Amino acid sequence: MTDTTDTVEEVTPAETVEPDATTDAPDHAAEAEKWKALARKNEQRAKENADKAKRFDEFEESQKTEQQKLLERAEAAEKALAAAEVGRIRASIAAKHGVPEALLTGSTEEALEEAATALLAFKGVSPSAPSSDGQGKQGDAITGQTKQITSLDELAKLTPAEVNAARREGRLETLLGKS
């Protein structure tokens, strides 16, 4: 059997070269000018593209058939009708429950009813069942609200103490134009 021994070669580190400070220092002014020039070039290209895009849109519009134009008008009219219908339902539910229309959220009758009920619950008023025709008795105060003083004649009939009490209770809001 032969004896083999591993030989290890000694590796010396390579010489380190110190960079010359004058050759590697970036020229900031030249870099800034380069980027300014590129920005100006991109701005010019963007302006050209915007003009081309406008002309392209005009061309596309001119190429539409009458049927396409009528179809777009019909779709816009349907959207407007749907929005008006939701507005009508919102106003109806707001009046029915005595809540501000602007606070009702939702786009379906069920969602608007739920929102009105939630507002009444938040306010601390339980929704009462309407009479058989869906309306309360004429002249009755809305449940959970105080009777407002709406005319100066009503106000003149009150004593000063009653006027102060009505003011504290919020019954002069309509007369003062607050609601």
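Quick notes on this structure:
- The set of residues in the stretch 107-121 that are over 12 Å from residue 92 (Cα atoms), under 21 Å from the mean Cα position of the chain (by Cα) and among the hydrophobic types (A, V, I, L, M, F, W, C) comprises 111, 115, 119.
- Some residue of the stretch 48-55 being modelled with pLDDT of 90 or more and aliphatic (A, V, I, L, M): yes
- Qualifying residues in the stretch 140-164 (those that are modelled with pLDDT under 75 and not polar (S, T, N, Q)) - the one farthest from residue 100 (Cα to Cα): 140
- Among residues of the stretch 170-179 being at pLDDT below 80 and surrounded by 13 or more Cβ atoms within 10 Å (Cβ to Cβ), the one that is farthest from residue 97 (Cα to Cα) is 175.
- Of the candidates 167, 90, the single residue that is at pLDDT 90 or above and surrounded by 13 or more Cβ atoms within 10 Å (Cβ to Cβ) is 90.
- The combined condition, being over 24 Å from residue 113 (Cα atoms) and assigned to a helix (DSSP H, G or I), is not fulfilled by residue 88.
- Among the candidates 21, 25, the residue that is among the small types (Gly, Ala, Ser), surrounded by fewer than 10 Cβ atoms within 10 Å (Cβ to Cβ) and at pLDDT below 55 is uniquely 21.
- Selection from the stretch 96-114 of residues that are at pLDDT below 90, in a helix (DSSP H, G or I) and among the hydrophobic types (A, V, I, L, M, F, W, C): 102, 103
The values are calculated or read from the model by the stated rules, or taken from the named source; none is laboratory data. The model shown is predicted, which means the values in this text are computed figures rather than measured ones. Neighbour counts run over all protein chains shown; Cβ positions are idealised from the backbone, glycine included.
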